[in-house]
Amino acid sequence: MVNVFIIGSKGIPAKYGGFETFVEKLTEYKKDERIKYHVACLSDNDKEFEYNGARCFNVKVSDIGSAKAIIYDIKALRASLDYIKRSKLENSIIYILACRIGPFMAYYKKIASKLGVKIFVNPDGHEWKRSKWNAAIKRYWKLSEKLMVKHADLLICDSKGIEKYILNDYKKYNPKTKFIAYGADVTKSKLKDEDEKFVNWCKKFNVQPKNYYLIVGRFVPENNYETMIREFIASSTKKDLVIITNVEKNNFYNELLNKTGFDKDKRIKFVGTVYDGELLKKIREKAFAYIHGHEVGGTNPSLLEALASTDLNLLFDVVFNKEVAGDSALYFNKDYNNLSKLIDETDNISEEDRLRYSKLAKSRINDEYSWEFICREYERNFL
């Protein structure tokens, strides 16, 4: 029996986030009885429970701002090592999602080695590049990433671009890596076209099926909202731009408003978040096209879901996105009039080309990114 302890997600059942969905699917699709999953869950208590056959252990952490995630990972790591020691487990792996606790890894790696425990790490994306962090925090993330790479027995990268970066930038540590992509839900929405959930959502925001472009993603500058909104305003399309995001009227929002004047364009509709998975899937399926501006990180869950659901996908031209979509999507950059021209061309695409792109995208996701396939790859590497 191999005991795999997963720390770094907020836990399961998944309520939000890529890592939470990953852990949910990994436990849901588990096939090999020789593997037992133990999942750390961020909570306000220390209870244990079972979910999807996994032992879930709550980790209590006070709300102390941006350091909360670091404290949570350390406490979850300590709890995992204590459980392994107490239960005298002989064949264990601790799989750490993201590189938040690098400065503490030398100490915990010694304890893990004494217990015969392997440390696997998912380096995620370039956290140190995110614009929301100040210079000091960016330096911490970069150092933390370096030390996580140094002390990991295996780095599981969900993007070939990230894997290449790890192998090149940290070659002095001779890192051992394995590429396993993030997965996508390839099933169609259970909601019918006339389901009142979808019909009411359309009415609420005054949108028509197949008559809107769609954006889904966190409301942060590195997702290129400025470029996407500016270029959509400059386009001639009569369709709407539906933006599903956790929009907050903060400095970024005000800056975006001042730069683009999006409030004067009735086509642009910020509709908040959609936590109903089946409804979100139906919204994706009924979009005319999806616009994806992410430029930081590895395989993005929202992109995979778009390729599995939406006929036409317009993606920011960066290695991570091209690696996933290949020739099944259309690409844009930050140049003025680049995306607006692409939107106008997409508006006039032939039915034949629309179906061709749709088929290419769906077959690509089915073949390489289905959760069943991804979870089987993980099990092979854990055993």
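The values are calculated or read from the model by the stated rules, or taken from the named source; none is laboratory data. What you are looking at is a predicted structure, and each value in this text was computed from that prediction instead of being measured. Cβ coordinates were reconstructed from backbone atoms using ideal geometry, including for glycine residues, and neighbour counts include every protein chain displayed.
Residues of the stretch 337-362 being small (Gly, Ala, Ser) and either in contact with a strand residue (DSSP E or B) (Cβ under 7 Å, 6 or more places away or on another chain) or at pLDDT below 95 (or both), which ones?
ALA361
SER159 passes all but one of (1) under 23 Å from the mean Cα position of the chain (by Cα); (2) of a type in the set (Ser, Thr, Tyr); (3) farther than 18 Å from GLU323 by Cβ; which number fails?
Only one criterion in (1) under 23 Å from the mean Cα position of the chain (by Cα); (2) of a type in the set (Ser, Thr, Tyr); (3) farther than 18 Å from GLU323 by Cβ is unmet by SER159, namely (3).
Output the residue which, of all residues in the stretch 21-38 that are in a helix (DSSP H, G or I) and of a type in the set (Asp, Glu), is surrounded by the fewest Cβ atoms within 10 Å (Cβ to Cβ).
Residue satisfying both the conditions and the ranking: GLU28.
Is there a residue in the stretch 204-215 that is in the same structural domain as PRO301 (by TED's automatic domain parsing) and in a helix (DSSP H, G or I)?
Yes - at least one qualifying residue is present in the stretch 204-215.
Here is a list: SER159, SER131, SER144. Which entry is surrounded by 21 or more Cβ atoms within 10 Å (Cβ to Cβ) and touching a residue at least 60 places away in the same chain (Cβ under 8 Å)?
SER159 is the lone residue from the list that is surrounded by 21 or more Cβ atoms within 10 Å (Cβ to Cβ) and touching a residue at least 60 places away in the same chain (Cβ under 8 Å).
Looking only at the stretch 76-122, filter to residues that are polar (S, T, N, Q) and in a strand (DSSP E or B); which one of those is farthest from LYS47 (Cα to Cα)?
For the stretch 76-122, the residue satisfying everything is ASN122.
If we keep just the residues of the stretch 39-69 that are of a type in the set (S, T, N, Q) and touching a strand residue (DSSP E or B) at 6+ places or on another chain (Cβ under 7 Å), which is surrounded by the most Cβ atoms within 10 Å (Cβ to Cβ)?
ASN58
Filter the stretch 230-261 for residues that are in contact with a Leu (Cβ under 7 Å, 6 or more places away or on another chain) and assigned to a helix (DSSP H, G or I); which is farthest from ASN348 (Cα to Cα)?
GLU231
What residue, of ILE119, ILE137, is in contact with a His (Cβ under 7 Å, 6 or more places away or on another chain) and under 23 Å from GLY18 (Cα atoms)?
None of the other options fit; the residue is ILE119.
For the stretch 144-174, which residues satisfy the criterion of being assigned to a helix (DSSP H, G or I) and of a type in the set (Asp, Glu)?
GLU145, GLU163, ASP169
Out of (1) surrounded by fewer than 15 Cβ atoms within 10 Å (Cβ to Cβ); (2) at pLDDT below 95, the odd one out for LYS114 is which?
(2)
Filtering the stretch 225-281 down to residues that are of a type in the set (Gly, Ala, Ser) and more than 27 Å from the chain's Cα centre (by Cα), which residue is surrounded by the fewest Cβ atoms within 10 Å (Cβ to Cβ)?
SER236
Looking only at the stretch 39-75, which residues are more than 19 Å from ALA112 (Cα to Cα) and part of a helix (DSSP H, G or I)?
The answer is GLY65, SER66, ALA67, LYS68, ALA69.
Need the failing condition index for PHE232 against (1) at pLDDT 95 or above; (2) under 19 Å from SER328 (Cα atoms), just the number.
PHE232 satisfies every listed condition except (2).
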